[in-house]
Every structure is written in C-alpha cells, then in structure tokens.
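Report on the structure given below.
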Amino acid sequence: MVGGGNVAMDCARCLLRLGVKEVHLVYRRDRNAMPADKAEVHDAEEEGVIYHFTTNPTKLVIEDGKIIGVECVRMELGAPDASGRRSPAPVAGSEFVIACDMVVPAIGQKVDTRCLGADGPAASK
C-alpha cells in the first residue's frame, strides 16, 4: 500500500478484513505529517497494518510477469516546502525491498480541469 491519507487507511484495513495476511503501508514522510485522521492511523495500526514511514517506493520488482516486491528507499525530512511541510529527500544507499504480491497505490490525485475553461463544467451549461 502506498499512501498516507484516509483512502490508504480504508484500503489497508479492508485488505486485512478480506484475509490478506500482511499489509505494509509505505509513506514518504513521518507519522505526524500523514494527512489521514489520527484515529484512522491508530486504528489501522491496531488492526495490524505495518507502517514504513519516511520511505518511498522506487520501482516494482517483477519476476516471470508477476510482482514479487517493491523496492523502496529511506527518506530524510529536510527544509519545509512551500506548503510548510518538510520536504522528503532520499537517503543514499538505503534501498531495500518489501516482498509482496500486490501493490495498491492509494495516493491523492486531483483532476486537471483546465481544459474545461475558466469556469469549469458550469461554463458549458
């Protein structure tokens, strides 16, 4: 599982409830910077989610056409970025692999509505 928001918490907890033996959640910043509700983070951990904080996935490890792992790198938190959050930077030589048979990207996304005009969908009505 890759992400740190409420969707990542929901996905991780659902996977455990569906019988997945281990759910590892990779997040590139520390626990305090996670956008998920603190109660969700705590409850997911109580249910058995294994966290890898200050860790970023770098590539999928594929063998015979199947995923067998995700390569990650440890991150260190540097100076705050424009939003005030500390910017993560990779730690050289800290790469490692988490063995897995599935990767769920549960990261924030935003729709690019620039093609819809200045007023968005309402402009076409």
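Results, tabulated for the structure shown:
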{"item": "Most positive-pole-ward Cα, V61, V111, H42, against dipole of the chain from beta carbon charges", "result": "V111"}
{"item": "Kirkwood hydrodynamic radius of the chain, from inverse mean 1/r over distinct Cα pairs, in Å", "result": "16.2 Å"}
{"item": "Crossing angle, helix 6-17 versus the chain [Cα axis fit, 0-90 degrees, rounded to tens]", "result": "40 degrees"}
{"item": "Helix axis angle, 38-47 relative to the chain longest principal axis, alpha carbon, degrees", "result": "30 degrees"}
{"item": "Surface per residue (accessible, 1.4 Å probe) for the range 1-80, Å²", "result": "56 Å²"}
{"item": "Per-bin percent of Cα-Cα distances, the range 44-108 [10 Å]", "result": "19, 40, 33, 8, 0"}
{"item": "Pair L60, L77: separation of 7 Å Cα→Cβ label points (nm)", "result": "3.0 nm"}
{"item": "Distance in nm between pseudo-label sites at C14 and A89 (7 Å out along the Cβ direction from Cα)", "result": "3.8 nm"}
{"item": "DSSP-loop GluC sites (Glu not before Pro) across the range 19-116, with at most 16 other Cβ within 10 angstrom", "result": "E22, E95"}
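The values are calculated or read from the model by the stated rules, or taken from the named source; none is laboratory data. All values reported here derive from a predicted model rather than from experimental measurement. Note that each Cβ is placed from the backbone with ideal geometry, even for glycine, and that neighbours are counted across all protein chains shown. To get the accessible areas, we keep the full protein, side chains included, count just its heavy atoms, and leave off ligands, DNA and RNA. Shrake-Rupley method; radii C 1.70, N 1.55, O 1.52, S 1.80 Å.
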